[in-house]
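Notes to accompany the following structure.
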Amino acid sequence: MLVSNILFRMGCGAELLSNKRSDRHRAKYRLLHVVRTHRAGVSDMAYHAAFQEEDPTGRVGVNLSKHIMEIAAEALKANMRQLGPLVLPYYEQILYLASKFLVRKIFVKGKAKEYVPDFKRAFNHMCIHSGGKAVIRAVEKGLNLPPETVEPSKMTLYRFGNTSSSSTWYQFQYLESKGRMKKGQKIWLICLGSGFKCNSAESKYKYYDLILLINLKCTSIESKVMIKYLDYKHRFQDAY
């Protein structure tokens, strides 16, 4: 129980949302889609993947199942199946449906794999749950992502550790600090958590280039975070 308890670090993130038209001109992003996939009703294994309980000595902690990576992968796949029709271009959806039909009807089961849609055609940036190197690498390999796409996730894990779902907001800050967000670009946030669940959110950047925005509205806290990221950049490159 002690080992699993020290895997997580304390962290938090917050975003102020509004549905008032009067706030439209002040908003940095526009929230386009939110997809929540909960696997507790699918299997007991998913429900107990990350479970708080007592160990034989009476210590209360979080027990992580040895199958948690498999369960997380299934939760992510289910979430992507729900998100895909909302965000993917039509030709990507057609390719996926065609490959699914061919695998089921023509090829022998297990001999061929379904086409994995190219989500890079739907999003300019991705903030992947920084739950560990294995999680990031699995998503990177499964979605065939280039190094620069997963850099915010790896950098957040290296600098702040596993802060669970709040790590996506750290990555938001990383992208903004690096000046990578441009007007009209879309960003995908992927979060995993106990339950077992997977949440996705799609946001669109509304403002002008972020360099100007940072100069106007950057707080002292944001400045410190940006400096910390830059300070650890050289170590991060060696570690990954």
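The values are calculated or read from the model by the stated rules, or taken from the named source; none is laboratory data. Because the structure is a prediction, the values reported are computed rather than measured. Note that each Cβ is placed from the backbone with ideal geometry, even for glycine, and that neighbours are counted across all protein chains shown.
Assuming Lys109 fulfils every condition listed in (1) at pLDDT below 85; (2) part of a helix (DSSP H, G or I); (3) not hydroxyl-bearing (Ser, Thr, Tyr) apart from one, which condition is it?
Of the numbered conditions (1) at pLDDT below 85; (2) part of a helix (DSSP H, G or I); (3) not hydroxyl-bearing (Ser, Thr, Tyr), the odd one out for Lys109 is (2).
Here are Arg180, Arg159: which of them is basic (Lys, Arg), more than 25 Å from Asn63 (Cβ to Cβ), touching a residue at least 24 places away in the same chain (Cβ under 8 Å) and not in a helix (DSSP H, G or I)? Can you show your working first?
Working: Arg159 fails: not in a helix (DSSP H, G or I).
On inspection, the qualifying residue turns out to be Arg180.
Yes or no: the range 132-149 includes at least one residue that is under 28 Å from Cys12 (Cβ atoms), among the basic types (Lys, Arg) and crowded, with 20+ Cβ neighbours inside 10 Å.
No, the range 132-149 contains no residue that is under 28 Å from Cys12 (Cβ atoms), among the basic types (Lys, Arg) and crowded, with 20+ Cβ neighbours inside 10 Å.
Among what's in the range 111-154 and is closer than 19 Å to Ser166 by Cα and of a type in the set (Gly, Ala, Ser), pick the residue that is farthest from the chain's Cα centre (by Cα).
For the range 111-154, the residue satisfying everything is Ala134.
Tell me, please, whether a residue that is loosely packed, with under 15 Cβ neighbours inside 10 Å, modelled with pLDDT of 80 or more, within 25 Å of Cys127 (Cα to Cα) and in contact with a strand residue (DSSP E or B) (Cβ under 6 Å, 6 or more places away or on another chain) can be found in the range 34-46.
Looking for residues that are loosely packed, with under 15 Cβ neighbours inside 10 Å, modelled with pLDDT of 80 or more, within 25 Å of Cys127 (Cα to Cα) and in contact with a strand residue (DSSP E or B) (Cβ under 6 Å, 6 or more places away or on another chain), one finds at least one in the range 34-46, hence yes.
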